[in-house]
Structures are given as C-alpha cells and as structure tokens.
1. Name the single residue that is farthest from the ligand (Cβ to nearest atom) among those in the range 176-235 being within 16 Å of A250 (Cβ to Cβ) and in contact with a Phe, Trp or Tyr (Cβ under 8 Å, 6 or more places away or on another chain).
2. Kindly check whether there is at least one residue in the range 215-222 that is at pLDDT 95 or above, of a type outside the set (V, I, T) and under 14 Å from the mean Cα position of the chain (by Cα).
3. Say whether the condition of being more than 16 Å from the ligand (Cβ to nearest atom) and farther than 30 Å from S247 by Cα is met by at least one residue in the range 127-148.
4. Taking G113 as meeting all but one of (1) in contact (Cβ under 8 Å) with a residue 24 or more places away in the chain; (2) within 16 Å of the ligand (Cβ to nearest atom); (3) not basic (K, R); (4) not in a loop (DSSP other than H, G, I, E, B), write down the number of the exception.
5. Would you confirm whether or not the range 93-100 contains a residue that is within 16 Å of the ligand (Cβ to nearest atom), among the β-branched types (V, I, T) and surrounded by 15 or more Cβ atoms within 10 Å (Cβ to Cβ)?
6. Which members of the range 128-138 meet the condition of being more than 14 Å from the chain's Cα centre (by Cα) and crowded, with 20+ Cβ neighbours inside 10 Å?
7. Does any residue in the range 82-108 that is assigned by TED's automatic domain parsing to the domain that holds A51 come within less than 9 Å, Cβ to Cβ, of a residue that is of a type in the set (F, W, Y) and surrounded by 22 or more Cβ atoms within 10 Å (Cβ to Cβ) six or more places away or on a different chain, and which pairs are these?
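The values are calculated or read from the model by the stated rules, or taken from the named source; none is laboratory data. All values derive from a computational prediction rather than experimental measurement. When we count neighbours, we look across all protein chains shown, and the Cβ atoms used for this are built from the backbone with ideal geometry, even at glycine.
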Amino acid sequence: MTGRAHDSAAEAGKVWLVGAGPGDPGLLTVKGLRALERADVVVADRLGARAVLEGLAADGVDLTAEIVDVGKRPGHHAAPQDAINALLVQLARDGKQVVRLKGGDPYVFGRGGEELAFCRDAGVEVELVSGVTSALSVPAIAGIPLTHRHLATTFTVVTGHDQITELGGGRDHTVVLLMGVGTLAHSALTLARGARGADCPVAIIEDGYGPNQRVTIGTLASIAHQAAVRKVRSPAVVVVGDVVGLSPYAPADIAAAAHPVDIVDPLASPSPLPTQRTPSELPAVEQTSRKATT
Ligand SMILES: C[S@@+](CC[C@H](N)C(=O)[O-])C[C@H]1O[C@@H](n2cnc3c(N)ncnc32)[C@H](O)[C@@H]1O
C-alpha cells in the first residue's frame, strides 16, 4: 500500500507516533519503517527525524508521503506544540494516515505523551511506535555502556534544566544529561560536589551518528573548560560516571580510573578489568570518518 493509495472518504485517519532513533536509519525500527511506508503525511522533527528520512532516501527507500517539517531549522523556529497537536488531529480527521516522526524515543523528553493524549481526547486513533533513545544510543556510538558489571549498576537520564542537586549516587551511578550543553558548567559543579568528586569522568558526544560527530572526554573539574575551548554545541549527550573510562576515546589516565567498585558477589566468576584499547584497535569507521578527540 502506498501513501497516496487511500480512499480518504472510506478509511478513517490515524496517527502513528514514531520514534526515529538518533539519526541513523539503521536504528529506525521495522515497525516504524512500515508506518512510514504506508503514511500519507509525515510530520517530522528536525533532530533525528530528518536525518532518518534523508538516509532512507539515500538507501533507495521510496516514501510517497508528503513531508511536513515542524522542527527547528536555521533561521526558523520550531512550530509551537499547540499547532503540531492541531495539525495531527486535522490531518487524521481528513482521513490521512499520519506519521509523527520524532527524534529518539517519543516518550523520552519528547512530549510524545502529550501528543498521544491530545489525539485521543480529540477522538483520533493513535498508536505509539517506540524508538531508540539518544540517551542510550549516543553514548553507545562512543563505546560507553550505561551499566557495566563492577562499574555501574544504575543510570539516570536527566535534562540540563532538571534539578540535579538532589541526585544522589556515586561514580557507579551513571548520569546521562540531555539538552545539557548550555548548563554544563553548572551541572558539572553540582555533581562534583557530591560523592562523584571532581575527578569523575565525563564524556560529551556531539551530533551522534551525524556528520559532525565528535567525542570530548574529561572530568567534572575539566569538562566545562574543554567544552568552551572546543566550542561544543548541541545536540549533544553528556555522560558522567566511571563507565566513560571504557570508551576507546578515553585518555589513558581516565581509562585507568575505570576501576571497579567494591561489589562482592560470591557466585560471580572473576571477570577481567576493563582495559583501554589502543587507537589502532578502534573500529575502522570511527577512525576514518569520525572526529574523535579527547
Ligand atoms: C528534546 S530532547 C529529545 C530526546 C529524544 N526524545 C530521545 O529519546 O533521544 C533533545 C536532546 O536529545 C539529545 N540528542 C538527540 N539526538 C542526538 C544526537 N543524534 N546526538 C547527540 N545528542 C542527541 C540532545 O541532548 C538533545 O538536546
């Protein structure tokens, strides 16, 4: 079924809230792709969503849907949330199959819950298709797992605007900051005052999976200065915790600091401590096409 093949008078419209993932079309779900293939209209955000649409087109995936760009573009503001909500409902009432394509996962700082509730309240059928959140996948592209045996057993995802003063835990409790570039200095200072300490490792991954992907690694004490010197820009994911030392981009002193916390598990078989890979052992794609500096 192609996007234009519907008889809008005979078929009721529906909205699919689809998570596009972090911008790599390979990280769009199969269910999300199927929804895009049958859509009449795609209402797309800028971050993540447009990159996926462009990547699909480059891969020869021929989507017939009309694309409505509601994201922030250079020189243009994003469409207000009220206008997006109203547009989704109007399109569905016109009998269209509508995909609302959002970066990452719609339910992770994506206002997906609001859009879903608005459609339901308006009597429009709506379905959520989860996406791969940048909170997990962007650290992953820099070789950082959010949990790792003997290093981290918990993670918290917060925004730079959230109140992190009350955020407890030590370096084995990984903190992931979304929308955290503008408030980085304040966040780093706040977290350094707690149990993590000023030498706790920090990574900033800018434009994950995009052409300007770049990794900056330091500590809570140094990261704000490094970010200023390197003119770090949004979109970026900030990761705080000992797991940062597992990144192949971590300098030797930070990799060495990825020491295990004292977890005693009598049933566990001994596992080797994480080691840092030498640059020649980094995946070829990262060495050749990604700017990876520390
Ligand atoms: C409004 S939040 C939306 C998060 C999204 N719903 C998700 O699950 O990934 C936008 C923030 O996500 C992060 N982000 C999303 N995609 C990213 C990417 N490709 N590279 C780096 N950061 C990204 C940045 O922190 C950005 O400021």
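1. Only one residue fits best here, namely I217.
2. Filtering the range 215-222 for residues at pLDDT 95 or above gives 215-222.
From what is left, the residues that are of a type outside the set (V, I, T) are 218, 220-222.
Retained after the next criterion (residues that are under 14 Å from the mean Cα position of the chain (by Cα)): none.
The answer is no; no qualifying residue exists.
3. We begin by selecting, within the range 127-148, every residue more than 16 Å from the ligand (Cβ to nearest atom); these are 127, 145, 147-148.
Imposing the further condition that a residue be farther than 30 Å from S247 by Cα reduces the set to 127.
Checking the range 127-148: at least one residue is more than 16 Å from the ligand (Cβ to nearest atom) and farther than 30 Å from S247 by Cα.
4. For G113, the exception is condition (1).
5. Filtering the range 93-100 down to residues within 16 Å of the ligand (Cβ to nearest atom) leaves 99-100.
Imposing the further condition that a residue be among the β-branched types (V, I, T) reduces the set to 99.
In the following step, the residues that additionally are surrounded by 15 or more Cβ atoms within 10 Å (Cβ to Cβ) were identified as 99.
Yes, the conditions are met somewhere in the range 93-100.
6. Narrowing the range 128-138 to residues more than 14 Å from the chain's Cα centre (by Cα): 128-129.
Result: V129, single match.
7. The qualifying pairs are Q97/W16; V98/W16; V99/W16; R100/W16; L101/W16.
Table: residues versus (1) modelled with pLDDT under 95; (2) closer than 28 Å to D162 by Cα.
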residue	(1), (2)
P25	no, no
L36	no, no
R50	yes, yes
V70	yes, yes
L91	no, no
D94	no, no
A117	no, yes
